[in-house]
Amino acid sequence: MTRLIRIHWLPALFLLPSIASYLLFKYYPLLRMVYISFYQYSIVNPPGVFVGLSNYSQFLRSATFWQAVSNTFIFFALYLALTFWVPIVQALLLSEVRKGNAFFRFMYQLPTIMPVVAGVLVWKWMYNPDFGLLNYWLSKVGLGPYLWLNDLRITKLAIVLPSLFAGSGISLLLYYSAIRAIPTEILEAAKMDGAGPWRRLWTMMLPNIRFIIIIQFVAFMSGVLLAYDNIYVMTQGGPAGSTTVVSMLVVSTAFQQSRFGISGAMSVFMFVMIALLTIVQNKLTVAKD
Amino acid sequence: MNPTSKMSAASSLLILSLVVTACGGGNNEAQSSVSPSASPSASPSAADSSSESPAAVVEIVAWDKPAADSADKAFVEQRQAAFAEQYPNIKVTHVQQTSGKEREQFMTAVAGGEQPDVVTVAYPDMETYVAQGIPADITDLWNASSDKDNFLPSSLNAATIGGKIYGIPKDMYVTGLLYNKKLFAEAGLNPAEALKDWDSFGAAAQQLTNDAKNQYGYAILGMDWADWFFEYYVWQAGGDLTEQQSDGTVKLTFTSDAAVQALQYYKDLKWKYKVTQKNVVQNIDDNQKDFYTGHAASTPGGADWIGNFASKGMSLDDIGFSALPAGPSGTSPSQVGGSYWILNPKADKEKQQAAFTYAMFLSSKETIEANYQYAKDNGIFPNPLTVRKDVEVSQYVDGLPDDLLKSIQDATKETHLEYFLKSRLSAYVVPAVQKVLLSENADPKTELQKAQDLAQTEVADPYNAEIKK
């Protein structure tokens, strides 16, 4: 009788540490979070009182929560409109550059070595209404001064703006690699057949890097919907709660208000929401294929 | 599974990890070190005659390691070494907390079953921590201590809940209005008249505001701690933001006349008098910096800030301290704050006794006097308030301006604790304050009503239901 399953021990051995760390540091905390969400959690005598879905109903009825959800999706829309397409355009342009290509790629990568928080702090100084560089430059052309982080109308934009200039390093490389993987003969043949730059872009280049765009979009979506550090450093969620996003509310509910059960329930909600969005996006992509 | 599905699955895992990360808070990056080895020659008299070194070695963890740039690092380490010498059988591991992240770090440790045996906690946190059972009930330990009567009764107020004692007083401060005497003199202002009431202060602050010199009258606190100083104005108007009822429940009074008047005055300072900094939500450190660099002519603050200002180069002769201008009620209570040592309720009796002994040692007459002497020797402006009755602060303040000391002492005559349930309600009061500071059209009453409605359903109702269970 032949064995139906052959175990390749060596690959399994290599995989073991990552599987173990995933189970320990990802799945266990996730399941624990779901468990906590059903309790009026006591951190001193866990788990506290079982309250069923009460934590969920509490935050779902909370205007503060929905304000944070609204802020989160406004940020998502702003990041999408202002930053997501930038590395695609940069990669397309870079693929046309023959001379000094490596230099440009290096220069695009350079900002990515700067820690996110350090970059945000630099921008925070630039936004300072009294001695910030941005208002100084704008004053030279008769504009401003603007209260970048104080004005309820523009604070969100001010938080997103830095990503427009220095947030595309790795994405750009991925897009660039995908573009370079398109066989040159095909592009040359299209050129010979009279396809102009726009036609080649829409019918050949973008479809060929579509897979990378989808991957990047999924990562982008989860990254933006769970954004925390850059917003926290810039505004701590203020002014007047105008930049408080759900991940920030999760942390403050747990660690400032000591309501760990509700905080866990919010986290589960966010997880389910992002998972659903990912699934929907996946289905739409498959349907289009 | 097609490639896209694989990526979706991978992304979902990423999302999981991020959600979990967001839920987990900051890491404890604390460093620890074992205290110096003990010497058997010491006597156990400094802290408390009832505290003796245990027969067997007891190891405790204290979150009290000073930061590398702390002004009193040498002093704290010297006292820790003195304790190790005096109590050879109590081994203390000192752990440093991350500045500005102390609360999150502590709650993470508690949630992870790693609560330190002894740690300091600020006054406003006591009520919520006690409600969750975080600090140990030390009533028996306290009552057994022969040193207990040497502490000011008022120093125990915020640690006494339901007749039980949960904290050992560590330090106290009193707040008021810090003002730059030099700028007041240049503007021809007499501080006593200028700081008399809200109207006189508004007019004086206008005289102190000069855009050409990048100087303004009043550093307003509009960041996410905005309720801290705003509550003083509510007191000045004769009210408070909350009331604790006799059954322990909370009643919100955000929309009381006093609170509305206070917020209207805040609004006036910004939009009518135009005497605040442009960036009204700037960090409190920036407010302080504006003050000691001479950009801000006044700021609310603690008397214990004066030492920091002096260390940054501001002359003590230029620093004035006063009660805040009186509001419509004609009064101007100062806020008393401070911190307590709390013990871990899950630690065994030996550890609790050892932690109590350690905390009492650090709040002992000997330690507090040594602290004042250290400040005097090193030119550090001392905290004029102490938790003990048997320490004579005046012995350690030679050469300091008499009027400054007198005004600080005067500020302690009428004091107030912060509003009840602040740690949970702060997130609701602050946006209302920020709205009127950021928008000229915002109506104080409307914003406070919105804040109260939200806080009622999201905090007060659930809290009161918990209390009534």
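The values are calculated or read from the model by the stated rules, or taken from the named source; none is laboratory data. Computed from a predicted model, the values in this text were never measured in an experiment. Ideal geometry is used to build each Cβ from the backbone, glycine not excepted, and the neighbour counts take in all protein chains shown.
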Being buried (at least 20 other Cβ atoms within 10 Å of the Cβ) and either of a type in the set (Val, Ile, Thr) or not in a helix (DSSP H, G or I) (or both) narrows B:Ile380, B:Ile368 down to just B:Ile368
Among the listed residues A:Leu134, A:Leu147, A:Leu152, A:Leu161, identify the single one that is buried (at least 18 other Cβ atoms within 10 Å of the Cβ), among the hydrophobic types (A, V, I, L, M, F, W, C), closer than 22 Å to A:Thr235 by Cβ and in contact with a Ser or Thr (Cβ under 7 Å, 6 or more places away or on another chain).
A:Leu152
Would you check if there is a residue in region B:382-391 being modelled with pLDDT of 90 or more, of a type in the set (A, V, I, L, M) and out of contact with any strand residue (DSSP E or B) (no Cβ under 9 Å at 6 or more places or on another chain)?
yes
Cβ-Cβ under 6 Å, sequence separation 6+ or interchain: first residue in region A:85-108 and touching a residue at least 40 places away in the same chain (Cβ under 8 Å), partner part of a loop (DSSP other than H, G, I, E, B) and surrounded by 11 or more Cβ atoms within 10 Å (Cβ to Cβ). Which pairs?
A:Val86/A:Ser168; A:Pro87/A:Ser168
Within region A:189-204, is even one residue on the phi < 0 side of the Ramachandran plot and within 11 Å of chain B (Cβ to nearest Cβ)?
no
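Which of the residues spanning region A:126-158 are of a type outside the set (Ser, Thr, Tyr), more than 11 Å from chain B (Cβ to nearest Cβ) and free of Cβ contacts under 8 Å to residues at least 60 places away in the same chain?
Step one: list which residues in region A:126-158 are of a type outside the set (Ser, Thr, Tyr), which gives A:126, A:128-135, A:137-138, A:140-145, A:147-154, A:156-158.
Okay, now just the ones that are also more than 11 Å from chain B (Cβ to nearest Cβ), so A:126, A:133-134, A:137-138, A:140-144, A:154, A:156-158.
Answer for region A:126-158, where residues must be of a type outside the set (Ser, Thr, Tyr), more than 11 Å from chain B (Cβ to nearest Cβ) and free of Cβ contacts under 8 Å to residues at least 60 places away in the same chain: A:Met126, A:Leu133, A:Leu134, A:Trp137, A:Leu138, A:Lys140, A:Val141, A:Gly142, A:Leu143, A:Gly144, A:Ile154.
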Of the residues in region A:194-238, those that are in contact (Cβ under 8 Å) with a residue 24 or more places away in the chain and either charged (D, E, K, R) or in contact with a strand residue (DSSP E or B) (Cβ under 6 Å, 6 or more places away or on another chain) (or both) number 1
Of the residues that make up region B:312-323, is at least one part of a helix (DSSP H, G or I), buried (at least 21 other Cβ atoms within 10 Å of the Cβ), in contact (Cβ under 8 Å) with a residue 24 or more places away in the chain and touching a strand residue (DSSP E or B) at 6+ places or on another chain (Cβ under 6 Å)?
no
With respect to the numbered conditions (1) out of contact with any Asp or Glu (no Cβ under 7 Å at 6 or more places or on another chain); (2) away from chain B (no Cβ under 13 Å), which one is the sole condition not fulfilled by A:Val116?
(1)
What about B:Lys435, is it assigned by TED's automatic domain parsing to the domain that holds B:Trp228, crowded, with 19+ Cβ neighbours inside 10 Å, in a helix (DSSP H, G or I) and more than 20 Å from the chain's Cα centre (by Cα)?
yes
Scope region A:265-280; condition within 10 Å of chain B (Cβ to nearest Cβ) and either at positive phi or in contact with a Phe, Trp or Tyr (Cβ under 7 Å, 6 or more places away or on another chain) (or both); matching residues:
A:Met266
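If you go through region A:58-67 one residue at a time, how many are closer than 16 Å to B:Gln456 by Cα and part of a helix (DSSP H, G or I)?
Final tally of qualifying residues: 6.
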Identify the residue in region A:236-253 that is more than 8 Å from chain B (Cβ to nearest Cβ) and of a type outside the set (A, V, I, L, M, F, W, C) and, among all such residues, is surrounded by the fewest Cβ atoms within 10 Å (Cβ to Cβ).
A:Ser242
Of the residues that sit in region B:138-158 and are at pLDDT 95 or above and touching a Phe, Trp or Tyr at 6+ places or on another chain (Cβ under 7 Å), which one is nearest to B:Pro333 (Cα to Cα)?
B:Ile138
Criterion violated by A:Val268 - all others in (1) over 20 Å from A:Asn150 (Cα atoms); (2) buried (at least 22 other Cβ atoms within 10 Å of the Cβ); (3) of a type outside the set (Lys, Arg) satisfied:
(2)
State which residue pairs qualify: first residue farther than 14 Å from B:Thr128 by Cβ and inside region B:458-469, second residue in a helix (DSSP H, G or I) in any location, beta carbons under 8 Å apart, and separation of 6 or more residues or different chains.
B:Glu458/A:Gln58; B:Glu458/A:Ala63; B:Glu458/A:Thr64; B:Glu458/B:Tyr428
Filtered residue count, region A:217-229, keeping only those that are surrounded by 20 or more Cβ atoms within 10 Å (Cβ to Cβ) and more than 7 Å from chain B (Cβ to nearest Cβ):
4
Qualifying residues in region A:152-188 (those that are under 21 Å from the mean Cα position of the chain (by Cα) and assigned to a loop (DSSP other than H, G, I, E, B)) - the one modelled with the highest pLDDT
A:Ile154
